[in-house]
1. Once a ≥ b ≥ c are taken as the square roots of the eigenvalues of the Cα gyration tensor of region 176-275, is the result rounded (a/c under 1.5), prolate (a/b larger than b/c) or oblate (a/b not larger than b/c)?
2. Using a simple spin-label model with points 7 Å from Cα along the Cα→Cβ vector, what separation in nm is obtained for residue 275 and residue 308?
3. Arranged from highest to lowest average of other beta-carbon atoms within 10 Å per residue, in what order do the peptides 138-147, 175-184, 198-207 appear?
4. Which whole-number percent is the relative contact order of region 144-296 (Cα, under 8 Å, 6+ apart)?
5. Taking only C-alpha pairs under 8 Å that are 6+ residues apart, what is the relative contact order of region 131-230 in percent?
6. Distance cut-off 22 Å, Cα to Cα: go down the list 356/468; 101/468; 356/455; 101/198; 99/201 and report the pairs above it.
7. Going by the alpha-carbon gyration tensor, a ≥ b ≥ c the square roots of its eigenvalues, is region 236-360 rounded (a/c under 1.5) or, if a/c is not under 1.5, prolate (a/b greater than b/c) versus oblate?
Amino acid sequence: RGASLTDFAEKIGVDAASLVQVLFHLGEMVTATQSVNDETLQILGEELNYDVQVVSPEDEDRELLESFALGFGEDEGADEDMAPRPPVVTVMGHVDHGKTKLLDALRNANVVAKEAGGITQSIGAYQVTTEVDGQERAITFIDTPGHEAFTAMRARGAQATDIAVLVVAADDGVMPQTVEALNHAQAAGVPVVVAVNKVDKPDADPSKARGQLTEYGLVPEEYGGDTMFVDVSAKAGTGLDSLLESIVLTADAELDLRANPDQNAEGLAIEAHLDRGRGAVATVIVQRGTLRVGDTLVAGSAFGRVRALLDEFGNNIEEAPPSRPALVLGLTAVPGAGDNFMVVDDDRIARQIAEKREARERNAALAKRSGRRTLEDLMREVEQGETTELLLILKGDSSGSVEALEDSLSQIDVGDEVDLRVIDRGVGAITEANVNLAAASNAVIVGYNVRAQGKATELADREGVQIKYYSVIYQAIEEIEASLKGMLKPEF
Ligand code: GDP
């Protein structure tokens with residue numbers, strides 16, 4: 001596997017020096033005699049318009065695991081192995097309609113929370129219980145309101161949510177983001193429960209919201225449809241039990257939520273950050289199997305042995321069954337929001353999968369950057385040293401904030417004249433590696449609530465790389481938008 005650039009150049013009949021130049025432009029510094037891996041050869045192949053065979057990432061993981069005689073995405077087992085699991089719920093709706101307040105109210109009203117001392121920590125998700133038909137039922141809420149996080153995760157192929165609670169303020173009715181959220185939920189095939197909020201307000205008109213949503217295909221049960229509408233007041237704390245009950249009933253009616261708790265755990269990382277004292281900290285939601293302290297897991301390109309599992313009260317727990325959110329300590333790096341995780345039986349395999357994934361992500365970033373330009377285009381750009389695109393490297397304090405930033409950036413309307421591209425992103429301090437990449441590709445580094453580490457600042461000065469620091473997202477967006485509008489020569 002792999003080959004030296006000289007060998008590769010000879011095979012395809014080009015000059016090795018031009019390959020070095022192409023790679024340099026793509027942010028990889030290699031000499032002609034140095035050996036490069038298959039992925040890099042593939043990217044070069046694409047640049048040079050050679051037909052390249054691509055093996056799907058999942059196949060690669062599976063092959064790797066099979067070579068160690070292990071299953072990937074283990075069979076869930078026989079029907080009798082399956083047990084009911086709680087629904088995982090995302091709260092969506094128009095801004096200011098009370099999503100955050102509702103999530104807080106549900107969390108605080110929960111009996112378990114009170115018994116545990118009442119102090120929940122924000123780990124990105126929490127579980128509440130409610131009694132339905134004399135049975136104790138659990139519901140998991142994802143703590144990031146809005147459809148942006150939901151959609152960002154879906155874009156990565158991850159579906160964390162079973163049911164969406166659509167919040168509509170009774171005094172305001174259906175608004176643009178209400179419809180947007182509804183579209184996202186429907187596109188994902190996720191059933192919706194409507195929480196008609198703020199019914200405590202004097203000008204509340206809960207029937208208006210019902211009528212409006214009927215036009216969008218959400219027909220209330222009381223009108224003969226099959227969508228449950230519940231009047232609530234997040235402020236006064238009314239209707240919360242009915243809402244929880246409606247979620248459970250909707251799950252029972254429309255979904256068959258079951259998972260095998262007796263297998264190696266698999267699921268999703270929904271939030272992660274670097275903690276000063278505890279290192280990489282990730283919140284995961286288990287989708288099948290049971291996650292236990294001492295398990296070895298791979299999450300995105302991070303891996304490690306679970307040193308501790310914490311629940312949303314900060315209590316140590318020994319295990320997390322299906323649908324349980326838990327904070328995982330012990331990973332070597334910070335996974336991205338929406339990365340899937342799985343437990344493997346062998347540390348060595350965990351490391352190998354993680355390393356492979358990391359290489360793949362790096363190369364995907366390279367490939368994205370190289371776009372569909374031809375070698376000639378690249379050469380000309382390199383020579384003339386001019387470009388009409390703004391390349392950014394984003395670093396932030398959590399995967400959620402980095403994603404939010406990238407999401408907002410992608411929504412800036414810059415027309416056809418200039419191009420904004422994020423060529424790399426990550427959680428943690430700005431490193432020399434970031435600066436090197438920025439220098440090689442003429443990118444600007446954006447630090448959101450993080451600083452430069454070690455000699456990174458010095459290196460940036462030397463290389464003429466600009467690092468911009470922000471602690472407020474909209475400020476970052478405003479400045480970047482302004483500099484794009486003023487482009488050709490950004491004042492940045
Ligand atoms: P979000 O943008 O959807 O997360 O909305 P928030 O939860 O931040 O709520 C927006 C505003 O509406 C805040 O000032 C809340 O205090 C207020 N609010 C939320 N729920 C209720 C409610 O049930 N009744 C009343 N009167 N105000 C509410």
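1. Working: a/c = 1.85, a/b = 1.58, b/c = 1.17.
Here region 176-275 falls in the prolate category.
2. According to this spin-label approximation, the distance is 0.6 nm.
3. On the way: 138-147: 23.1, 175-184: 18.5, 198-207: 15.9.
Answer by packing, highest mean first, reads 138-147, 175-184, 198-207.
4. Working: 218 pairs, mean separation 25.8, N = 153.
Over region 144-296, the number comes to 17 percent.
5. Values: 115 pairs, mean separation 24.1, N = 100.
Contact order relative to length: 24 percent.
6. Numbers: 356/468 31 Å; 101/468 33 Å; 356/455 28 Å; 101/198 10 Å; 99/201 16 Å.
356/468; 101/468; 356/455, as the Cα separations exceed 22 Å there.
7. Numbers: a/c = 2.15, a/b = 1.68, b/c = 1.28.
Because a/c hits 1.5 or more and a/b exceeds b/c, region 236-360 counts as prolate.
Just so you know, all these numbers are worked out from the coordinates, no wet-lab data involved. All values reported here derive from a predicted model rather than from experimental measurement. Heads up, the Cβs are rebuilt from the backbone with ideal geometry, glycines too, and the neighbour counts pull from every protein chain shown.
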